[in-house]
1. Taking volume of the Cα convex hull per residue in Å³ straight from the coordinates, which label in (1) 128; (2) 114; (3) 282 is the correct one?
2. Please state the charge dipole magnitude for the chain, taken about the Cα centre, from unit charges on C-beta atoms (+1 on K and R, -1 on D and E), reported in debye and rounded to the nearest 20.
3. So how far, in whole Å, is the C-alpha centre of region 21-80 from the one of region 115-152?
4. Tell me, what is the FRET efficiency for Leu119 and Met13 to the nearest 0.05, using R0 = 30 angstrom and their Cβ-Cβ distance as r?
5. Compute the relative contact order of the chain as a whole-number percentage, counting only Cα pairs closer than 8 Å that sit 6 or more residues apart in sequence.
6. Taking 7 Å along the Cα-to-C-beta vector as the label spot, tell me the Ala74-Val41 distance in nanometres, rounded to one decimal.
7. Please work out whether region 115-194 counts as rounded, prolate or oblate from its C-alpha gyration tensor, where a ≥ b ≥ c are the square roots of the eigenvalues and a/c under 1.5 means rounded, while otherwise a/b larger than b/c means prolate and anything else oblate?
8. Helix 81-90: angle to the longest alpha-carbon principal axis of the chain, degrees 0 to 90, nearest 10?
Amino acid sequence: MKGSRPGSRQFLMGMGMWFILACVLGSSGRLARITPPLPQVLIGAITLVLIMSAVFNRALRVWLEQVNLRGFVAFHLTRFVGIVFLVMYSRGQLGGEFALTAGWGDIIAAVGALGIALLLPDPLQQPRVLFLWNAFGLADILTVVVTATRVALRSPADIASLLQFPMSLVPTFVVPIVIASHVLVFWRLRRAGTPS
């Protein structure tokens, strides 16, 4: 049975290929030419594909049932991109409604992820801490997506820089993984039976 399920290497290879594809798409300039709500639809579609892959791919699901969540939590260190949002806002490259919401929320989520990744070899050993961080992180990222959608529909220029490479990696790579990993953490917490 061990040979029938993917391991960390296969998972990382898949993520690596997706990262390269996101880089090619972003650097081609094609992403910068699409108009709202297509970027938001793209984020939703990629996130759904990730979650459905785990639901319907039995081998992947078995691996996700057993893998240490520390790496998935550590991925949220990418949310220190919130600092970049604030810098871009100070330079007039991002609108304040999005940058301030996304910036501070992501920084707080990243600090929490850093604490968990450094202090908990297995985050499931402290389920309440993991639950609280995960609940905040998911609420934050969903707020960011909703805010970005609202701003994009009203004033696309306020967040247009997010569709230009390398910032385009945020919507095409980082955000879908962030959302899907929050779903994974809640799923694993539920399977572990705590917290209710």
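1. Checking each listed value against the structure points to (2).
2. Details: 16 positive and 6 negative charges, 114 e Å.
Around 540 debye, computed over the chain.
3. Answer, in whole Å: 16.
4. That pair, Leu119 with Met13, gives E of 0.55.
5. Here the relative contact order equals 32 percent.
6. Taking the simple label geometry, Ala74 and Val41 are separated by 3.8 nm.
7. prolate
8. 10
We did not get these values from a lab; they are worked out from the coordinates using the rules stated. Please read all numbers here as calculations on a predicted model, not as lab measurements. Neighbour counts run over all protein chains shown; Cβ positions are idealised from the backbone, glycine included.
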